[in-house]
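Take a look at the structure below.
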Amino acid sequence: MKKTLFALLGTVLLIGGGCIGRGSDPTPTVDVEIDREAILFEAKEQGLIMNDEEVLKMGQVLVNDGGVSLDEVEAYLTQDFTDWSGAALADVTGGGSYGIAHASYINGSFNIVADMGNVPSPSDGYFYEGWLVRRGNNMSVISTGHAQVIEEKLVNVYTSSTNLSDHDFYVLTLEPDDGDPAPAEHILEGTLR
């Protein structure tokens with residue numbers, strides 16, 4: 001009986017020791033490849049980013065309204081966003097850009113601050129522009145103006161006396177400087193919650 005117990009214990013230690021040795025190897029045995037197209041397709045299907053129909057409709061319902069001067073932008077970056085709604089901004093091109101947007105309506109002023117990183121510098125004749133969107137049957141699109149480069153980040157700040165809290169979707173686009181006010185290529189998108 002004792003021999004059987006020792007044999008069983010020895011077998012468990014041998015197998016367990018082999019598992020422990022394999023588990024401590026820091027080198028991964030499988031390379032994981034991310035299928036960005038599948039992720040973007042699924043995000044569109046789930047309504048997390050805009051579908052093609054919504055993207056086309058944006059240019060048809062555009063409203064221009066106010067903005068913020070470059071001098072005011074830096075002051076907004078030091079805001080305490082504790083009570084503001086926020087959105088993680090996803091790169092809908094499959095690239096490595098990212099960002100976060102914060103919005104609030106306080107004391108008769110609607111404000112949105114989008115802070116983005118790893119966004120490629122636009123080519124000559126192009127610029128980045130922000131947009132607030134109310135999605136759905138009563139779609140509305142408002143330009144939040146040109147995004148500015150500040151301390152190696154791309155920043156878009158917008159303020160309005162109109163309560164735009166129902167415009168809870170933020171989009172950053174890459175725009176050709178061709179005078180066409182309609183949104184062009186979508187780069188980042190996110191829902192303010």
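Put in line by how crowded their Cβ is, counting other Cβ atoms within 10 Å and starting with the fewest, Phe41, Phe169 read Phe41, Phe169.
Each of Asp180 and Val149 was given a label point 7 Å from its Cα along the Cα-to-Cβ line. The distance between the two points is 2.5 nm. The phi-based Karplus calculation (6.51 cos²θ - 1.76 cosθ + 1.60; θ = phi - 60°) puts the 3J(HN,Hα) values of the range 37-44 at 4, 5, 5, 5, 4, 5, 5, 5 Hz, whole numbers, x for Gly and Pro. Measuring r between the beta carbons of Asp124 and Asp52 and using R0 = 41 Å, the FRET efficiency lands at 0.90. Using R0 = 35 Å, the C-beta based FRET efficiency linking Arg193 and Glu37 works out to 0.85. Considering only Leu164, Tyr126, Leu174, the residue lying farthest towards the positive end of the dipole of the range 110-193 is Leu164, judged by Cα position with unit charges set on Cβ.
FYI, it's all coordinate maths here, none of it is from the lab. This one's a predicted model, so the numbers in the text were calculated from it and none came from an experiment. Don't worry about glycine lacking a Cβ; one is built from the backbone with ideal geometry, like all the others, and counts go over all protein chains shown.
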